[in-house]
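What follows is one structure encoded as structure tokens, with my remarks underneath.
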Amino acid sequence: MYLHIIKKRSSPFFLFPFILLLILLFALPWASAKEQPKPKPEAWQINGIIAALDDGYDGVKGSAFDKLAEYDLKDLKSLGKKLEDIAQKAAKILKNKSVDLFLRRDAASALGNLGEAAKPYVKDILDILKDKSVDKDVRYGAAQALGNLGEAAKPYVKDILDILKDKSVDPTVRSYAIETLGNLAEAAKPYVKDIADILKDKSVDKDVRSSAAKALGNLGEAAKPYVKDILDILKDKSVDPTVRSGAASALGNLGEVAKPYVKDIADILKNKTVNSNVRRGAAEALGRIEQ
């Protein structure tokens, strides 16, 4: 019924409630509860994790990393030395090629959550990311850690970009590398054109291009010259839906910068021939832009 009416009336005043309705229809099934803040750990809990990381069984060490991930480790100056001990143990596990690959990945992720305590090991994390002999899951953990470490990883942005641009690197690792660039925000802004070029390159793997789009969405005003390119990707029916969904997500995250193209995004949403994931991405993008 609404689609029949919209063909007769194209007034933006009518279009807005229609868009809101569709946003609700698309977004509600995927809505999630607000994430609860993580608790601060007590000293005895950290002591238990340190002891578990010295255990002879990898399963115990893995459980220790899982437990560590449940805590908010920011601004814990009173636990400084203990967190440094954990970072040292995690770095040792990460660099040990004889260790189970999933445990190494968890060690990398743990370092990414340890902030200042992990700073001495940023170069080690980068070396893991660059090492083509290392399993892609471990390299994923390394890329994720660098993105979470923010300021400490900024000196290595160019190294991360080189991994992204190397077509011989596993596409999964390249995707993680570009997500890391997006998370590093200010430090990645000088390379916004390189990221946009990856997005526009049809020879590049779809997941890498999708990650490139999302990274641009995190770069704010620096991505403004490429908003039209992102929109063109979203509108191009020959482009893989994964890439188009990434483009929609980027436009939503760019907010005010993408406002001139609200009608174009709404047209994608209304078009029933468009892939459902792309339409959902368009709906979510409109919701964020109009906030």
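Based on DSSP H runs of at least 4 residues, each adding -39500 (n - 2.57), what is the mean residue ellipticity at 222 nm of the chain after dividing by all its residues, to the nearest 500 deg cm²/dmol? Write out the running numbers ahead of the final one.
On the way: 16 runs with 185 residues, N = 291.
Calculated from helices alone, the mean residue ellipticity at 222 nm is -19500 deg cm²/dmol.
Using the Karplus curve 6.51 cos²θ - 1.76 cosθ + 1.60 with θ = phi - 60°, work out ³J(HN,Hα) for each residue of the range 212-222 in order, rounded to whole Hz, and write x for Gly and Pro.
Those phi angles translate into 5, 4, 5, 5, 4, x, 8, 9, x, 4, 4 Hz.
Considering only C-alpha atoms, what is the centroid distance from the range 137-195 to the range 33-65, in Å?
27
In Å and from the alpha-carbon atoms only, list the Rg and Dmax of the chain.
21.7, 71
By how many nm would the segment from D75 to S238 lengthen if fully extended, with 0.36 nm per residue of separation less the alpha-carbon distance?
53.9 nm is the gain from fully extending D75 to S238.
State the extension gain, in nm to one decimal, for the chain segment bounded by F102 and K123, taking 0.36 nm per residue of separation less the distance between their alpha-carbons. Before the final figure, lay out the partial values.
Working: separation 21, 0.36 × 21 = 7.56 nm, distance 2.05 nm.
Gain on extension, F102 to K123, equals 5.5 nm.
Taking the chain as the reference, fit the longest principal axis to its C-alpha atoms, fit the long axis of helix 12-27 to the helix C-alpha atoms, and give the angle between the two in degrees, 0 to 90, nearest 10.
Its long axis makes an angle of about 40 degrees.
Among A142, A118, A213, whose mean-square fluctuation peaks in a Gaussian network model of the chain (Cα, cutoff 10 Å)?
Maximum fluctuation in the GNM of the chain, among the listed residues, is at A118.
Starting from the Cα of K200, draw a straight line to each of the aspartates and glutamates and keep only those under 17 Å, dropping any in the same chain fewer than 8 residues away.
D166, E179, D229, D232, D236, D240
Given the pairs K67/K154; K95/K154; K67/K123; K81/K167, which are separated by over 32 angstrom at their Cα positions? Show your work: numbers first, answer last.
Numbers: K67/K154 28 Å; K95/K154 21 Å; K67/K123 25 Å; K81/K167 41 Å.
Exceeds cut-off: K81/K167.
Pick out, in residue order, every one of the trypsin sites (Lys or Arg not before Pro) in the range 138-180 that is DSSP loop and has at most 16 other C-beta atoms within 10 Å; say none if there are none. Working shown, then result.
Numbers: sites: R139, K158, K165, K167, R174; in loops: K167.
Within the range 138-180, the qualifying trypsin sites (Lys or Arg not before Pro) (loop, at most 16 other Cβ atoms within 10 Å) are K167.
Classify the range 79-142 as rounded, prolate or oblate, taking a ≥ b ≥ c as the square roots of the eigenvalues of its Cα gyration tensor: rounded when a/c is under 1.5, otherwise prolate if a/b is larger than b/c and oblate if not. If you can, show how the numbers build up before the last one.
Working: a/c = 2.22, a/b = 1.76, b/c = 1.26.
Note, shape of the range 79-142 comes out prolate.
Once you list every other residue whose beta carbon is under 14 Å from the beta carbon of D240, what net charge do they have if Lys and Arg are +1 and Asp and Glu are -1?
+3
At a 1.4 Å probe radius, carbon and sulfur cover how many percent of the accessible area of the chain?
The C+S portion of the solvent-accessible surface of the chain is 52 percent.
Mean separation of Cα pairs under 8 Å and 6+ residues apart, divided by the residue count of the chain: what relative contact order is that in percent? Could the numbers behind the result be given before it?
Details: 413 pairs, mean separation 36.6, N = 291.
Normalised by residue count, the contact order of the chain is 13 percent.
What shape does the range 78-219 have by the C-alpha gyration tensor, where a ≥ b ≥ c are the square roots of the eigenvalues, rounded means a/c under 1.5, and otherwise prolate means a/b greater than b/c and oblate the rest?
In terms of gyration-tensor shape, oblate.
The values are calculated or read from the model by the stated rules, or taken from the named source; none is laboratory data. Note that the structure is predicted; figures quoted are calculated from it, not measured. All Cβ positions, glycine included, derive from the backbone under ideal geometry; neighbour counts span all protein chains shown. Just so you know, the surface numbers come from the protein's heavy atoms only, side chains and all, with ligands and any DNA or RNA stripped out. Shrake-Rupley method; radii C 1.70, N 1.55, O 1.52, S 1.80 Å.
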